[in-house]
Every structure is written in C-alpha cells, then in structure tokens.
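*Asks:* Provided herewith is a single structure, encoded as structure tokens, for subsequent inquiry.
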Amino acid sequence: MLKHIAKLTWNRRNENVLIIVEIFITILVLFGIISMLASTYQTFNKPLGFEWQNTWSIKLTPSTYQEKGTDRTIAQIAQALRQRNEIDKVTLSSLGLFTSGASTRGEDFNGKYVSYLLTHFSLDSPKDLGVTLVEGRWFGEQDLGQNYTAVMVNQQFADEILAGKQAIGFERPYDDFIIRIVGVFKDYRHRGHLRGSMPYMFYGHALESSQVSILRNINIAFKQPQSPAYEQKLREILQRIAPNWNFKIDNLKDLRQQQINEFVTPMMILSVVVGFLLLMVAMGLFGVLWQNINRRTKEIGLRRALGASEGSIQAQIIGELLALTLFASLIAFALLLQIPLLELIEVVSWTNFWLSITSAVSVMILLVILCAWLPSRMAIKLAPSDALHYE
C-alpha cells in the first residue's frame with residue numbers, strides 16, 4: 001500500500017505542487033507561532049528575582065533636571081517613608097520595576113565585546129527587594145570611602161562574561177575609578193515576566209552620597225495591602241518634603257498586569273489571524289481534494305468493482321495527502337533546522353525547536369486528515385455501477 005501511494009503521488013507530482021507549497025508555508029507559520037508562544041511561556045515562568053506583592057512604586061521628577069539639593073531631598077523622602085508604621089521596606093533604584101526602560105552598557109571583557117544591564121541602588125535595596133544572594137555579600141558600610149566602587153553581578157554575568165574567573169574580588173578599571181565585585185545574585189528581571197535574562201550589574205550608593213540623585217524610583221512594600229485611597233495620603237507626605245516635584249505613584253500589581261495585557265492583546269489578534277489562515281488552508285485542501293476525487297470517480301468505481309473495500313479506498317485517498325504532507329514537512333524541517341544549528345534566533349533552543357516542529361507537523365497532519373475524511377467518505381458511498389457511468 002505504501003509503495004502504491006508513493007508511486008501515485010509521484011505520478012501526480014505536477015498536480016500536487018500547489019498542495020505541497022500550501023502545506024509547507026502553513027507549517028512555517030505554525031512553527032513561528034508555536035515557537036514564540038513556547039519561548040514566552042518559558043520566560044514568563046522564570047523567577048523575576050525580586051518581590052512585588054503589596055508594593056507600590058513612586059517615580060520622582062524634580063522641578064528642574066539639575067535642581068540643587070536633589071540628593072538631599074531624595075534622602076529626606078526615603079527617611080520619612082521609613083518612619084511610617086504601615087510601610088515595611090523602602091528601596092531606591094535608578095530604574096523602576098515592570099518598565100521597559102533599561103540602562104545598557106557595552107565594553108570589552110577578556111577581549112570580547114559584551115553588553116549587560118546596569119542599575120544603581122541604595123545600599124540595602126537589593127536585599128530588601130528580595131534579590132537572592134548566591135555568593136559573596138551585600139553592599140555595606142565597609143565599601144564606603146574605599147579606593148574601589150563596589151558592584152554586584154548576577155550569575156549569568158559571572159558565567160558568561162567572567163567565563164571561569166573568580167567573581168568575588170574581581171577588579172576592573174573603569175574610566176577614573178575601579179570596580180570590585182563583592183557579591184553574586186541569582187537574577188533580576190526588572191522589565192518583567194516577558195523579557196528574558198541578561199548579564200546584570202548593580203551599583204550601590206549610600207543615602208548620604210551625592211550619587212543619590214540618580215535614585216529616582218522608590219518602591220515601598222507595605223505590611224498589609226493598602227486601598228487606592230492611601231495614594232492621597234502618600235502624595236501629601238511627599239509634597240510636604242518636595243512641594244514643586246512631580247510624583248507618579250503606581251501599584252506594582254497594576255503595572256505587572258498592564259504589561260501582561262500589552263502582550264496578550266496582540267497575541268489574541270494574531271491567534272485570530274492564524275485561525276483564519278488555517279481555515280483558508282482547510283478550505284483550499286478540501287476544494288482540491290473534492291476536485292481530484294471527482295476526476296477519479298471512475299478509478300474508484302473500478303477498484304470497488306474489482307473487490308476493493310471501502311476502508312482501503314479511503315485509506316488510499318487519505319494516505320496520498322499524508323504523503324504530500326510528509327514531503328512538505330521534510331522540506332520545512334530541513335529549512336528550519338538551520339535556526340538552532342546556526343543559532344540564528346536566540347530564543348529557539350533545541351528544546352524549543354523540537355517542540356515547535358513536532359507540534360506544527362502534528363497540527364498539519366490533523367488538519368489534512370479532517371479535510372480528506374469527508375470527500376473520501378462521499379467517494380466510497382457511490383455504487384460501483386454508478387461510479388463507472390459517472391460523467
């Protein structure tokens with residue numbers, strides 16, 4: 001049977017070119033969609049590296065860009081917030097959580113140009129945010145007044161950039177100062193669930209230093225959840241200290257949900273487009289099959305008259321289309337295999353590739369069987385005598 005189907009498929013190769021091309025393109029589209037969804041799901045479920053529950057963010061905007069005394073005002077705000085009984089922890093950073101903004105630095109490490117993310121913190125902030133320490137220590141008072149600037153890096157930075165070197169105590173000159181790594185943390189994805197990990201570096205600053213002016217994002221973690229009405233009280237506290245400043249106050253829960261919604265909405269639209277694409281492919285396959293079966297009615301009638309069973313004829317019709325699907329899948333597989341082999345797309349790992357190609361081909365096979373089932377059923381219902389006289 002398989003040899004017979006292969007021979008029939010080859011003999012009708014000119015008629016089947018359009019079907020093969022249609023199936024091939026559909027597999028490519030399905031592969032792309034499934035690969036993207038699988039990568040996003042995997043990234044979403046990775047730990048963020050910080051705690052965001054019961055936490056609000058405050059973005060500080062001075063009245064002028066280089067207002068004098070900005071560092072002192074920020075220190076006063078932090079101190080006032082820490083004195084509130086309902087507030088558990090206060091952290092300061094140069095970048096807000098669940099925002100797309102990022103500070104990226106690129107430079108040569110060990111003769112290799114690399115890029116990494118950079119965020120400035122007050123000394124206690126990484127620990128208070130729930131960042132996980134892997135090796136070394138947190139920022140501390142012992143780093144103040146030294147001939148180096150203390151930094152912390154994530155595990156990915158240590159593994160990829162330092163490449164086997166001891167991370168703790170590693171020093172490197174940068175402009176007019178020296179940085180020294182004092183701690184390694186697990187990870188920190190301040191941009192949220194939908195952005196992958198990158199090498200990361202923290203700078204630590206004391207509230208008494210002049211560098212505090214760069215820490216214009218404050219996160220306050222409450223002991224108990226607060227209602228939206230608390231925002232007015234919080235704004236009054238802030239404006240008593242800096243009446244001419246602007247304050248943007250957000251619940252991190254809302255920022256997180258907003259970020260997720262910004263991804264889900266396009267995905268829903270894309271899903272509708274893909275659904276219409278599959279519907280169009282199914283209608284095309286159904287129409288082509290219907291036309292082919294009508295042209296082969298006498299052939300089917302003759303096989304029935306010679307004693308062929310309904311099941312064998314139906315298996316032949318479906319088998320021919322499955323053979324075309326397999327051929328188109330092999331072409332798609334050979335093309336898509338280059339992505340993980342040559343590392344053309346970073347998010348398409350080998351695991352992602354095998355999951356995506358297997359799922360795409362499986363969906364296509366299911367679609368093909370559904371499209372071939374009804375025409376094949378109607379073809380075998382014709383009586384042999386009617387089929388032989390069919391015009």
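The values are calculated or read from the model by the stated rules, or taken from the named source; none is laboratory data. Note that the structure is predicted; figures quoted are calculated from it, not measured. Cβ placement follows ideal geometry from the backbone for every residue including glycine, while neighbour counts extend to all protein chains displayed.
*Asks:* Name the helices (runs of 4 or more DSSP H) wholly within the stretch 1-84 that hold at least 1 residues that are within 30 Å of GLN156 (Cα to Cα) and either at pLDDT below 90 or in contact with a Phe, Trp or Tyr (Cβ under 8 Å, 6 or more places away or on another chain) (or both)? Quick ask: steps written out before the conclusion?
*Replies:* Working: elements: 2-11, 13-44, 70-82.
In the stretch 1-84, the matching helices (runs of 4 or more DSSP H) lie at 13-44.
*Asks:* While we're here: For residues that are within 26 Å of ILE318 (Cα to Cα) and in contact with a helix residue (DSSP H, G or I) (Cβ under 8 Å, 6 or more places away or on another chain), tally how many sit in the stretch 337-375.
*Replies:* Step one: list which residues in the stretch 337-375 are within 26 Å of ILE318 (Cα to Cα), which gives 354-375.
Next, from what is left, pick out any that are in contact with a helix residue (DSSP H, G or I) (Cβ under 8 Å, 6 or more places away or on another chain): 355-357, 359-361, 363-365, 367-375.
Residues in the stretch 337-375 being within 26 Å of ILE318 (Cα to Cα) and in contact with a helix residue (DSSP H, G or I) (Cβ under 8 Å, 6 or more places away or on another chain): 18 in total.
*Asks:* Residue check: is LYS253 surrounded by fewer than 16 Cβ atoms within 10 Å (Cβ to Cβ) and in contact with a Lys or Arg (Cβ under 8 Å, 6 or more places away or on another chain)?
*Replies:* No.
A quick yes/no check of all residues on (1) surrounded by fewer than 10 Cβ atoms within 10 Å (Cβ to Cβ); (2) at pLDDT 95 or above; (3) among the polar types (S, T, N, Q); (4) not in a helix (DSSP H, G or I):
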| position | (1), (2), (3), (4) |
| --- | --- |
| ALA221 | no, yes, no, yes |
| GLN224 | yes, no, yes, yes |
| PRO228 | yes, no, no, yes |
| ILE237 | no, no, no, no |
| ILE249 | no, yes, no, yes |
| VAL273 | no, no, no, no |
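*Asks:* Which residue, of VAL212, VAL184, is in a strand (DSSP E or B), of a type outside the set (D, E, K, R) and buried (at least 18 other Cβ atoms within 10 Å of the Cβ)? Don't jump to the end; show me each part of the working.
*Replies:* Numbers: VAL212 fails: in a strand (DSSP E or B).
Residue meeting the stated conditions: VAL184.
*Asks:* Moving on to the next point. Scan SER227, SER213 and give me the residue that is touching a helix residue (DSSP H, G or I) at 6+ places or on another chain (Cβ under 9 Å) and assigned by TED's automatic domain parsing to the domain that holds ARG72.
*Replies:* Exactly one of SER227, SER213 is touching a helix residue (DSSP H, G or I) at 6+ places or on another chain (Cβ under 9 Å) and assigned by TED's automatic domain parsing to the domain that holds ARG72, namely SER213.
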